[in-house]
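Q: Here it is, the structure, as structure tokens.
The values are calculated or read from the model by the stated rules, or taken from the named source; none is laboratory data. Keep in mind it's a predicted model, so treat the numbers as computed, not measured. Don't worry about glycine lacking a Cβ; one is built from the backbone with ideal geometry, like all the others, and counts go over all protein chains shown.
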Amino acid sequence: MQELISFQNNLLAQLSNNKFRYLYDQLKTNERLLGIKGLRGIGKTTLLLQYLAYTYPHQEKGLYVTADHPYFYTESLFGLASQWHSYGGRIAAD
């Protein structure tokens, strides 16, 4: 779990707030699950990190993960959700 938190913190530290992705204002943030698909390099990660950093009301309870992170070589998404909840994280946005 700590490696995912460190990964997220590294990404957030590199984030610039001077240019928001063009779909930023169109995110349906009242949904329980938010997924974005598209080609590599078009800004999906940036968009989700901007939401987490600047809009999500409880940033410390949010976690950005990518399914191709080595963490998921041995762990499941369900296991991550259970472990994240035990850390005090939220599974669904308010």
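Q: Taking the residues in the range 14-54 that are at pLDDT 80 or above and of a type in the set (Val, Ile, Thr) as candidates, determine which candidate is nearest to HIS85 (Cα to Cα).
A: Across the range 14-54, the extreme among qualifying residues is THR45.
Q: I'd like the full set of residues that are in contact (Cβ under 8 Å) with a residue 40 or more places away in the chain and part of a helix (DSSP H, G or I), limited to the range 71-87.
A: TYR71, LEU80, GLN83, TRP84
Q: In addition: For a quick check of your reading of the model, give me the residue pairs whose first member lies in the range 1-28 and is surrounded by 13 or more Cβ atoms within 10 Å (Cβ to Cβ), whose second is modelled with pLDDT of 90 or more and assigned to a helix (DSSP H, G or I), with beta-carbon atoms closer than 6 Å and at least 6 apart or on different chains.
A: LEU4/TYR71
Q: Just name the residue that is surrounded by the most Cβ atoms within 10 Å (Cβ to Cβ) out of those in the range 37-94 that are of a type in the set (Phe, Trp, Tyr) and within 15 Å of LEU27 (Cα to Cα).
A: Ranking the qualifying residues of the range 37-94, first place goes to TYR51.
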